[in-house]
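The values are calculated or read from the model by the stated rules, or taken from the named source; none is laboratory data. Note that the structure is predicted; figures quoted are calculated from it, not measured. Glycine also receives a Cβ, built like all others from the backbone with ideal geometry; neighbour counts cover every protein chain displayed.
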Amino acid sequence: MRKGIYLLPNSLTLCGMFCGFYALLAALKGNYLHAAWAIMIANIFDGLDGWVARLTHSTTRFGIELDSLSDLVAFGVAPAVMLYNWALAPFGRLGWAAAFLFVACGALRLARYNVQMGSTESKAFTGMPIPGAATVVATLVIFYHNIWDSAPEKSYLILILIVTLAVLMVSTLRFHGAKEIDFSKRKPFWFLVAIVMVLVIIVIHPPIALFMFAMIYLLGGILENIFLYYRKKKQMGQTGVTG
């Protein structure tokens, strides 16, 4: 077998890693808004590399491992450092412990995803994807800076949020992702209309719209799993009565 790598998808992956590295540097310098936007741009590259790899049939084990390393930098370490410097530093040891928990759970989430790839995790994600968790953190910073000028002062809500995101990443809850959509097949007309409406809403006011969509994804995923749990419990109860 001739050895080599596919340049296009792996180059896109490295672009995402670069955005994560830039976000780290920006966060260390106190440019939290720049760091948050860099994480959002890394999200675009993360989506593109997988899409290009599938489209060009260039998915390789090397690309999968490189993508995981890039995700850990851009969506694990960078958001944790940004959030620690921005809002968690006043908590002292509790703050950096919460930030490390986010990184550790993100790494565990990526490792589990790589192991489950091609088996149990075919469509819906098991646990919240690390790019989704990082998006919630990044849009929170963007939204907060759009409303207030100064950084939050010892906010317990932010501390609870990052711990919740960490737990959701290693949970067995089901979350949806863009990979469930097969763009090679025909879709209903309303699907295109919905995409246009989402773009229009984002263009009108990006900070508020992006944060709103991120929170809808977070809360929607939790509510869906609660609904599925009670539906399954109800079905098991009916099966028991019938039996």
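Those residues that are polar (S, T, N, Q) and assigned to a helix (DSSP H, G or I), I need them from segment 1-55; list them, please. ASN10, SER11, THR13, ASN43 - these are the residues of segment 1-55 that are polar (S, T, N, Q) and assigned to a helix (DSSP H, G or I). Per the listing SER58, SER150, the residue uniquely outside any helix (DSSP H, G or I), without any contact (Cβ under 8 Å) to a residue 12 or more places away in the chain and of a type in the set (Ser, Thr, Tyr) is SER150.
Given the structure, is LEU69 under 25 Å from SER171 (Cα atoms), in contact with a Ser or Thr (Cβ under 6 Å, 6 or more places away or on another chain), modelled with pLDDT under 95 and not aromatic (Phe, Trp, Tyr)?
Working: under 25 Å from SER171 (Cα atoms): yes; in contact with a Ser or Thr (Cβ under 6 Å, 6 or more places away or on another chain): no; modelled with pLDDT under 95: yes; not aromatic (Phe, Trp, Tyr): yes.
No: the conditions fail for LEU69.
Filtering segment 12-39 to residues that are among the polar types (S, T, N, Q) and in contact (Cβ under 8 Å) with a residue 12 or more places away in the chain leaves only THR13. Being modelled with pLDDT of 90 or more and part of a helix (DSSP H, G or I): is that true of PHE191 here? Here the answer is no, as PHE191 does not meet what is asked.
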